[in-house]
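Scroll down for the structure; my scribbles are underneath it.
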Amino acid sequence: MPHDTLTALAEVAAGRDHILTGEFAEATRHASQTVRKNYCLTGECFGIRPTKCGNRLLWPVAETAALLKGGR
């Protein structure tokens with residue numbers, strides 16, 4: 001992935017360790033419903049398992065960055 005995508009991810013994360021599903025979907029260039037469906041079917045999306053916090057899914061920024069770099 002281009003450097004621009006990782007820069008955008010860093011701006012969205014703003015120092016946080018996890019991002020919300022909508023932010024994860026935007027970073028991976030998929031619809032948030034696609035991300036939720038993959039999670040419901042397999043417990044992960046693109047090999048990344050989120051942390052549940054109440055009714056939210058929190059996606060790790062470090063693993064998302066590795067995915068965008070092509071490391072997953």
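Across the stretch 1-40, the number of residues qualifying as in contact (Cβ under 8 Å) with a residue 40 or more places away in the chain and in contact with a Pro (Cβ under 9 Å, 6 or more places away or on another chain) comes to 4.
Scanning the stretch 55-72 for residues that are in a helix (DSSP H, G or I) and not aliphatic (A, V, I, L, M) returns GLU63, THR64, LYS69. Annotation note: of THR34, THR64, the sole residue that is farther than 20 Å from ALA8 by Cα and open to solvent by less than 70 Å² (accessible area, probe 1.4 Å) is THR34. Across the stretch 11-31, the qualifying residues are those that are at pLDDT below 95 and under 11 Å from LEU68 (Cβ atoms), and the one among them that is surrounded by the fewest Cβ atoms within 10 Å (Cβ to Cβ) is ARG29. Please tell me if LYS52 is open to solvent by 20 Å² or more (accessible area, probe 1.4 Å), part of a strand (DSSP E or B), more than 16 Å from ALA13 (Cα to Cα) and in contact with a strand residue (DSSP E or B) (Cβ under 9 Å, 6 or more places away or on another chain). Yes; evaluated as a whole, the condition is true for this residue.
The values are calculated or read from the model by the stated rules, or taken from the named source; none is laboratory data. Owing to the predicted nature of the structure, the values given are computational and were not obtained by experimental measurement. Cβ sites come from the backbone with ideal geometry, for glycine too, and all protein chains shown count toward neighbours. Side chains included, ligands, DNA and RNA excluded: accessible areas come from the protein's heavy atoms. Shrake-Rupley method; radii C 1.70, N 1.55, O 1.52, S 1.80 Å.
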